[in-house]
Amino acid sequence: MNERAALWLAAAEAIEAGRDAAFATVARKRGSLPMASDAKMLVTVEGRRWGTVGGGCLEADVTAQALAAVESGQPAFVRHTLNADLVGDLALSCGGTVELFVEPLPRSGELAALCRAVGQGIQRRTPATVRI
């Protein structure tokens with residue numbers, strides 16, 4: 001299964017099961033960074049993750065921020081600058097800044113239907129239609 005489809009379907013399943021989760025979505029990036037402009041990650045309170053927003057220490061920090069958003073029930077914009085201070089002196093620094101929108105997923109049948117339709121549309125490579 002396509003990784004992007006799996007992320008959306010996992011979000012639908014988490015919502016339907018009443019498990020708390022959050023999306024972290026790249027909102028803006030500047031400089032050289034290891035993620036796509038449309039990168040997205042799903043984090044559940046059990047610590048499971050689908051998708052990626054860059055990997056490594058950035059992803060660990062974004063996971064913590066996603067869990068904090070679930071705990072507070074409030075979305076947030078977070079900013080990370082990837083430099084030698086963040087990754088250590090390993091010559092792995094990309095030298096860019098990324099802003100992410102972190103949003104807890106409310107327990108909503110409509111949102112679950114939307115996530116499932118998006119996931120199935122990606123999986124089948126067809127447009128998604130949601131009727132609410």
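The values are calculated or read from the model by the stated rules, or taken from the named source; none is laboratory data. All of these numbers come straight from a predicted model, not from anything done at the bench. All Cβ positions, glycine included, derive from the backbone under ideal geometry; neighbour counts span all protein chains shown.
Taken together, ALA76, ALA24 contain a single residue that is within 11 Å of the chain's Cα centre (by Cα) and under 11 Å from LEU100 (Cβ atoms), which is ALA24.
Okay, residues lined up against (1) touching a strand residue (DSSP E or B) at 6+ places or on another chain (Cβ under 6 Å); (2) modelled with pLDDT of 95 or more; (3) surrounded by 12 or more Cβ atoms within 10 Å (Cβ to Cβ):
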{"site": "ALA69", "(1), (2), (3)": "yes, yes, yes"}
{"site": "ALA91", "(1), (2), (3)": "no, no, no"}
{"site": "GLY119", "(1), (2), (3)": "no, yes, yes"}
{"site": "VAL130", "(1), (2), (3)": "no, no, yes"}
